[in-house]
Each structure stands twice: as C-alpha cells, then as structure tokens.
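What follows is a short report on a single structure.
Each reported figure results from applying straightforward, stated rules to the coordinates on display, with no laboratory input. Remember, it's a predicted structure, so these values are computed and weren't measured experimentally. FYI the Cβ positions are ideal-geometry reconstructions off the backbone, even for glycines, and counts take in every protein chain you see.
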Amino acid sequence: MWRLMSWSTSRSPIFTLRSSISSIPVHHTIYPPAGLNGFHLPIPSRGSINDGGGLIPHEMPRKARIEKIPDKAGKARIRGGTQGARSAVSLSEPDGIQEYVNRVICGDAGEVLHRFPDNCIDIIVTSPPYNFGHSYASDPHDDTQDWNTYFSTLQGIWKECVRVLKPGGRMAVNIQPLFSDYIPTHHLVSNQLLALGLLWKAEILWEKNNYNAKYTAWGSWKSPSMPYLKYTWEFIEVFDKETHKKAGRREDIDITDEEFKEWVIGRWTVPPETRMRDFGHPAMFPEEIPRRLLRLFSYRNDLVLDPFNGVGTTTLAAWKNGRRFIGIDVDSGYCREALSRIRQSGVPAGTMREPGLIVPGD
C-alpha cells in the first residue's frame, strides 16, 4: 500500500466541493472527510462549470511524495479501520430487529430504517433507483428528480444504512453509468459512502455482453463535437464498516473453490435480466448478481438488507442461499411481487422464520 504524504509546496487544492454545509478544500486527503453528511451538486447547463458551486478546478500539483506503509496495522490506521475481525460478539444481533427479519416492508426506506437498532445488518446489497425517467409502476416517488434532490435523498438513506450495518459488515451498491447527463454517478455515490465513514473494499465491473451497444444515441455522429459513449457495463462498489475482515463461522461458508477463483476477478460477465416486462419493473439486475455478492462477501444465516428492493431479486437470492433478509420498497405492488417470488421458489424455511409482508394499513 502506498500512502500519499504531501503535495508540492504550493498546497493548492485540486478542487473544492461546494457543500450545503461549507466549502471543503481538498489538499491531500484521499477520501472525503467523515463528517460530511450532504453536499450540493449544481448541474451546469451545456457542460459548463461556473463559480456557482460544484467542482471548481484548480492548478494540479506538480509532484507528490509517497511513502510505503510496511505493516498491516499501519495500513489499517491509515484507512481509518481496525486490523482483523472483531470477536464473536459481532455475530449477535440487538433487540428490536427480529420482528423485521424475513419481511418485505412497504414504505420509504429512510423512514423504515429509522426504526431499526444500530449495528443489526450483516450485508447490504442494493441498486438505487435510476434518476433518468424510468416508470416505476405505481411508485409515488418521482424518478425524474433534479440531481441535487436525488443525491440529497440518497445521502439520508445511506446514512441510515451505515448506522444499521454491523462493524465488519459489507455494503455492495450496483450503479449504472449515465449516458447524457455527464454525471459520474458511481463516483459520487462512492464519495457519499466514504464520507459517512465506510471503507472502500472493491469495485466490480459487471459486463452485460454489449447490452446497450444496440442503442443509437450517437451524440454528434462521426464528429468530435460531442459524441456519446455507450456503456456495456455497470459498476458494483463494495464497502466495509470499520474493518476489512468480517467475523463468521467456518461452517457457514458456502462458496465453492471454483466460484471463489472466478469471482475474485473483478470483472463479472453476467447477462442482464430478460424478464423485466413480466415483473413490470424496468430496472432489475439478474439474480446471479446478488447470488455472487452474498456467497463471496457473507456467511449463511447472515441478515441481508436491500433498501431499494423492487420486485425482490436481492431478497430472493438471500432466501435461496440460506440467508435471512429484509427488503424495503415504497411500492406495495412490488413488495407483494417480491414476497410471491420467495414463496414460489420452492425453498423451505427450515429453521428460518417464514417470509412475510409488512404493509401499513393492511
């Protein structure tokens, strides 16, 4: 591991992130400060950047001195984490979460998560709603929000996710790069989670077999004026809470030798979901994505959370792979579909709690 020690003597910031709280100059910090709990992202018109906020470019430093950190404990200190896993006490769960285990909950994610106790979730696997105009059935939340509102809303939900995640817990977020807004969503979401104190663990490139290459949004055709790039992949950003090593029982490991050797390579070729019309949802990831994430980053019987559960692909994968789950979605129709998919999977509950649905007013 290489640690960035200092910039050149000019000490000019690379950029300034205009926050709703303050303007934060970045000199030689690798990650955003842990105290950041929101930011303002003004969207420039026609690609221009002005002094009204956002990323303000400054002179780049001429050189940086680097120093190698020789020991694991030193690396952990620099990352802000702890070396090694916590004791088996981290396997226990606090009171107040059991009533939500193996439940699909209809409601606003931020409001529902606020009811949960601290440090109760083993792993979060999710994909936030895309902010470019998909129709999400009867979802009353507008998916065409302006970007400032979108990221502000996400920040509040992420804050609750980090709070309920156990020390040593993982969070995997699937994020699609956007085509025409020129907003690097996966970078901004990563910055939000790092600012909330999570440790970056990995980035997985989900290759979708040229899924989007058929689209003809070329931008400026055969011209360098303003061509649009086509993305045949999505990102999966993975984070840890407080430590990079997760506590668990060896007998609860279920990944095979071949799966492990294949999946630790950070490029996964997985075809996209082809049955989205059947479920009435325009933005589903295939079951193989959460299946891999759960088997690679969690143990059997771990408690899995998806705060944007949709029609329940994450909760279905959790159930079929011996994990307990909590799925949250604002759309009651999606919630009922998510529970139906679990019940139709044919996987018996065994020693786990039978799955159920929580809908306010029912």
| What net charge is computed for the residues neighbouring residue 301, neighbours being all others with C-beta under 14 Å from the C-beta of residue 301, Lys and Arg scored +1, Asp and Glu -1? | +4
| query | Given R₀ = 25 Å, FRET efficiency for residue 152-residue 182 by Cβ-Cβ distance, to 0.05? | reply | 0.80
| How do the peptides 235-244, 193-202, 326-335 rank, highest first, by the average count of neighbouring beta carbon atoms within 10 Å per residue? | 326-335, 235-244, 193-202
| Counting only the backbone N, which residues of the stretch 236-258 are under 16 Å from the spot 7 Å out from the Cα of residue 347 toward its beta-carbon? | 252-256
| request: Using packing as a proxy for protection, rank 150-157, 297-304 so that the peptide with the highest average count of other Cβ atoms within 10 Å comes first. | output: 297-304, 150-157
| note | Site residue 259, offset 7 angstrom along Cα→Cβ, radius 11 Å on amide nitrogen, limited to the stretch 289-312, gives 291-300
